[in-house]
Each structure stands twice: as structure tokens, then as C-alpha cells.
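Participant: Can you keep this structure in mind? I'll have questions shortly.
All of the numbers you see were taken from the coordinates with simple rules; none came from a lab. What you see is a predicted model, and the numbers here were worked out from it, not measured in a lab. Positions of Cβ are generated from backbone atoms using ideal geometry, with glycine treated the same way; all protein chains shown enter the neighbour counts.
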Amino acid sequence: MGVLSFVFSSSLGRKLIMAVTGISLIAFLVVHCAINATVFFNDGGETFNVAAEFMGHNWFIRAAEIGLFVGLLWHIVQGIWLTFDNQKRRKAKYGANAGNANSKWYSRSMGLLGSIILIFLVMHLKHFWVVSRFGLPHELGHLEYASGAHLENLYIEMINVFQNPVAVIVYVLGCIGLGYHLLHGFGSAFQTLGISHKSYTPIINSIGVAFSIIVPLTFALIPVVMHLGLIK
Amino acid sequence: MGNTMNINLKVWRQQNENTQGHFEEHKVQASPDMSFLEMFDVLNEQLIEDGKDPIAFDHDCREGICGMCSMVINGRPHGPKGGVTTCQLHMRSFQDGDTVVVEPWRANAFPVIKDLSVNRSAFDRIIASGGYVSVNTGNAVDANSILIPKEVADTAFEAATCIGCGACVSACKNASAMLFVGAKVTQLSMLPQGQSERESRVVAMVDQMDAEGFGACTNTGACAAECPKQIPLSVIANLNREYYRAKLNGK
């Protein structure tokens with residue numbers, strides 16, 4: 001490792017890891033959101049199932065998935081550790097607090113927002129990832145389309161899961177948590193990487209705000225419209 | 001002068017680093033034209049006349065350039081006004097009858113010496129670790145013998161206005177010193193005079209910052225919002241850049 005050991009030992013190195021893994025997860029969200037949005041074609045899930053088939057069986061995607069999980073776990077474990085470590089840096093607390101006067105609540109609550117996302121994520125992986133990869137607790141059904149395609153029907157799994165109003169509520173709350181987490185995290189990652197200049201930082205921040213609204217909103221709409229039976 | 005204001009103060013009293021502190025309530029009659037520190041002078045005169053222990057607080061120049069005054073007022077370092085130090089905050093920023101809570105900077109790295117006075121030697125040790133430039137001895141060189149583009153000089157000067165008061169640390173939820181270190185590294189790394197130690201400096205200063213027990217930066221921006229000299233958050237991005245560059249070069 002030599003000089004690169006700073007990513008473990010220095011506060012700036014750990015910050016760099018949070019930013020790099022965070023941006024990787026943002027890149028993942030782009031793909032995930034684009035594929036999920038195909039359910040809005042309302043074509044009985046054909047486009048979605050074709051995409052799911054590709055994502056599930058393409059060797060490059062499967063290899064990238066390992067990287068995704070490593071990055072995700074690193075982001076989670078280090079995030080939790082950093083949250084507690086940072087709290088210890090001020091043992092004597094202030095008697096009067098005016099945090100909202102100098103910063104946004106969500107920028108000070110990344111640990112809490114991340115925990116909400118983590119709870120959602122455990123449920124989410126159990127609902128779809130474990131079922132589609134390992135066939136647990138049951139195998140996915142198959143579906144023959146008019147085009148002749150014979151596909152695993154992950155789409156019907158979504159329809160089934162979102163019949164449960166509790167699942168819909170947890171998914172919507174998870175997406176709200178994700179939205180606020182991104183609202184700080186997107187711009188913060190670029191600042192940490194040192195990508196900051198008065199000419200383009202406002203553009204990055206605007207893209208960050210748009211991303212933090214559009215992506216979680218798209219995700220949150222799916223359980224809602226499926227529960228209401230607007231797409232079948 | 002004419003009108004006086006009645007201020008209810010809740011002030012932090014603490015004998016030393018090793019004892020528990022507590023809030024103590026005082027009533028002070030102040031003029032709206034007094035500075036916040038002058039109001040404390042009035043209170044301390046009263047306390048001395050009553051045979052009580054006056055409240056310890058740091059101050060020196062009282063014109064906003066020395067960085068000694070350090071009070072957290074109603075939860076905000078240097079009080080409710082932006083871009084001013086406590087000494088330049090006036091009582092007209094408060095209303096007659098207000099209750100004002102005054103506390104010291106709170107951070108493990110800034111232990112309380114007494115009452116509102118904290119030990120900021122950690123900043124001195126960070127500066128000593130790398131916040132300097134090497135110069136030749138002998139006669140002073142001509143002021144313009146090294147040409148510096150105006151834009152570079154301006155950015156370096158903007159960072160150099162940091163007075164090292166520690167408001168950034170006190171405002172940060174993580175008690176991080178990144179704005180302070182960012183300002184010093186930016187100032188010195190931009191100028192030709194600072195190039196010889198450019199890479200060793202940033203690594204040494206960050207190592208010392210970590211060793212002093214400051215927290216890690218999470219980019220909330222509270223530091224820059226409370227900085228009395230309005231040092232921008234971009235100095236932290238620059239510190240990150242300088243640090244990674246030094247690391248990539250094997251420093």
C-alpha cells in the first residue's frame with residue numbers, strides 16, 4: 001500500500017472513500033432508475049423483464065455487481081463509523097443550538113438518513129434481489145410474450161409485493177430518505193474530490209438538486225401506481 | 001446613549017479543564033452602542049464590586065483582526081451577525097429584555113481554560129507543523145521582485161484573512177478544523193514563496209490536525225457560514241486537491 005494507506009489512516013482519505021463510493025452508487029442509481037422506469041410503458045412488464053434478464057445474466061454486469069456490493073458495504077460501514085467518531089469530537093455539548101442558521105438539517109443528518117435507507121435496503125434486497133438471484137423463498141415465474149420471448153417474470157414480483165400497503169409506505173419513506181441523502185451527498189462528493197470552482201460548481205449543485213428529486217420520485221411512484229393498479 | 005437595555009445573560013462558568021461547568025444567570029444594563037465585550041466589562045466591574053469572581057473571556061485588539069474573542073452567543077460563534085467577531089458585535093443587535101446564552105467554543109481539541117476562555121494551542125501546533133515558508137536571510141528583497149498574477153494574489157489574500165479564531169471548529173457539528181487548515185494551505189500553496197514545502201506542508205498539517213482530535217469534515221458548510229472573515233468553502237476543496245496531489249506524488 002505504501003503512501004496509499006492514507007485512505008484508511010487519514011480523515012481526508014476516509015472522506016475520499018465516502019465520496020468515491022457515493023459517486024459509484026449515484027452511477028448505479030442512474031441505471032437502476034432507468035430500468036425501473038420502463039414499467040411506465042405499461043406493456044405488461046415486457047421491456048422491464050427483458051432489461052432484468054440482461055442485468056441478471058450479463059457477465060460484465062454480474063462482475064460489476066460484486067464491485068457495487070463492496071462499495072456499498074464500505075460506504076455503510078465507514079459512514080456509521082464516521083458518524084459515531086465525529087460525535088465524540090465534542091464531548092461537552094452546547095446549551096443553545098442554532099444549527100439551522102448556518103447549515104441544512106439534512107447535511108447534518110447524513111447518518112440518520114443513511115440508516116433509513118439501510119432499513120429500506122434490507123427489505124428491498126429481500127423482496128427482489130434474493131428472489132431473482134437465489135430463487136428464495138420462491139423461484140420467479142416465467143412468462144411467454146407475444147414476441148416469443150420467454151422471460152423470468154420479475155415484474156409480477158413487483159406487482160405482488162406492492163399489493164401490501166406497508167411495503168408501499170416503507171418504499172416511499174426509503175425514497176424520501178434517499179432524496180435528502182442525495183441532496184447533500186451529490187454536491188458534497190464533488191467538493192470532497194476537490195472538484196470545485198465558481199464557474200462550474202453551481203452547475204454541479206443544480207444537477208445534484210434535480211437528480212435528488214427526479215430519481216427518488218421515479219422510484220417512489222412505482223410502488224404507488226402499482227398499488228393503485230394504475231399499471232398492471 | 002440615553003436609552004439603556006436590560007439583558008438577561010446565561011453565562012457558562014467553569015473553573016478549569018478538569019471541573020464540570022454550569023450556566024450562571026446575570027442581569028446587565030447595557031447601552032445599545034456598547035460592543036458585546038464592553039457589556040461583559042460592565043458585568044465584570046459589577047462582579048468585582050460585589051466581591052465575586054469576574055468572568056474570564058479572551059480578547060485583545062477589539063477591532064476584529066486578532067482572532068482572540070471566542071464566544072458562542074445563542075448557539076452561534078461570534079453571535080447572530082454574519083462576518084463579524086464578538087468584539088465588533090454591538091448590543092443594538094439585541095432587544096431590550098432579551099435572554100442571551102453565552103458559551104465557550106466547545107470541542108475536545110479546545111479544552112476550557114476558564115469560563116469562556118479556551119486553549120487554542122492545537123491551531124498553533126498545526127501551524128508549526130507546516131504553516132510556514134522558507135526564506136533567505138539577509139536584506140529584505142524588493143517587494144515586486146517575484147511576480148504574482150493579480151488573480152492568484154487575490155485568492156491567496158482572501159484565504160490569508162483567516163484570523164485563526166476557531167469559529168469554524170465551534171460551528172461544525174464534528175468540531176472539524178478543515179476551514180482553518182484549508183485557508184492556511186490555500187494561502188501558502190498558491191504563492192511562489194510557498195512552493196518548496198507545498199507537498200510536505202499539506203501532509204504535515206493534515207496529520208497534525210488529525211492528531212489534535214478534530215473531527216472529520218462532512219461538508220455541512222456551517223464553518224464558512226459562521227466565519228467572521230467569510231473564508232469560502234472552496235478552500236476546503238483546495239485542501240483536498242493539494243492533499244491528494246501530495247499523496248499521489250508519494251509524500
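Participant: Under the condition of being within 13 Å of chain B (Cβ to nearest Cβ) and of a type in the set (Gly, Ala, Ser), which residue from the range A:166-215 is farthest from A:Ile119 (Cα to Cα)?
Facilitator: Only one residue fits best here, namely A:Ser199.
Participant: Looking only at the range B:103-119, how many residues end up being buried (at least 23 other Cβ atoms within 10 Å of the Cβ) and in a loop (DSSP other than H, G, I, E, B)?
Facilitator: Final tally of qualifying residues: 7.
Participant: Which ones in the range B:221-250 are basic (Lys, Arg) and at the interface with chain A (Cβ under 7 Å from one of its Cβ atoms)?
Facilitator: Listed by number, the residues that qualify are B:Arg241, B:Lys247.
Participant: Checking B:Pro54 against (1) buried (at least 16 other Cβ atoms within 10 Å of the Cβ); (2) over 14 Å from B:His90 (Cα atoms): exactly one of these is not met. Which one?
Facilitator: (1)
Participant: If we only count helices (runs of 4 or more DSSP H) wholly inside the range B:159-220, which ones have 3 or more residues that are away from chain A (no Cβ under 11 Å) and touching a helix residue (DSSP H, G or I) at 6+ places or on another chain (Cβ under 8 Å)?
Facilitator: The qualifying helices (runs of 4 or more DSSP H) are B:178-190, B:198-211.
Participant: Of the conditions (1) assigned to a loop (DSSP other than H, G, I, E, B); (2) out of contact with any strand residue (DSSP E or B) (no Cβ under 8 Å at 6 or more places or on another chain); (3) of a type in the set (Phe, Trp, Tyr), A:Phe128 fails just one. Which one is it?
Facilitator: The number of the failed condition is (1).
Participant: Related question: Of the conditions (1) in contact (Cβ under 8 Å) with a residue 60 or more places away in the chain; (2) closer than 19 Å to A:Arg90 by Cα; (3) surrounded by 22 or more Cβ atoms within 10 Å (Cβ to Cβ); (4) not acidic (Asp, Glu), B:Met205 fails just one. Which one is it?
Facilitator: Single failed check for B:Met205: (2).
Participant: Could you grab me the full set of residues in the range A:75-93 that are at the interface with chain B (Cβ under 7 Å from one of its Cβ atoms) and surrounded by 18 or more Cβ atoms within 10 Å (Cβ to Cβ)?
Facilitator: Passing the criteria: A:Leu82, A:Asn86, A:Arg89, A:Arg90.
Participant: Could you check how many residues of the range B:14-45 are assigned to a loop (DSSP other than H, G, I, E, B) and free of Cβ contacts under 8 Å to residues at least 40 places away in the same chain?
Facilitator: Final tally of qualifying residues: 3.
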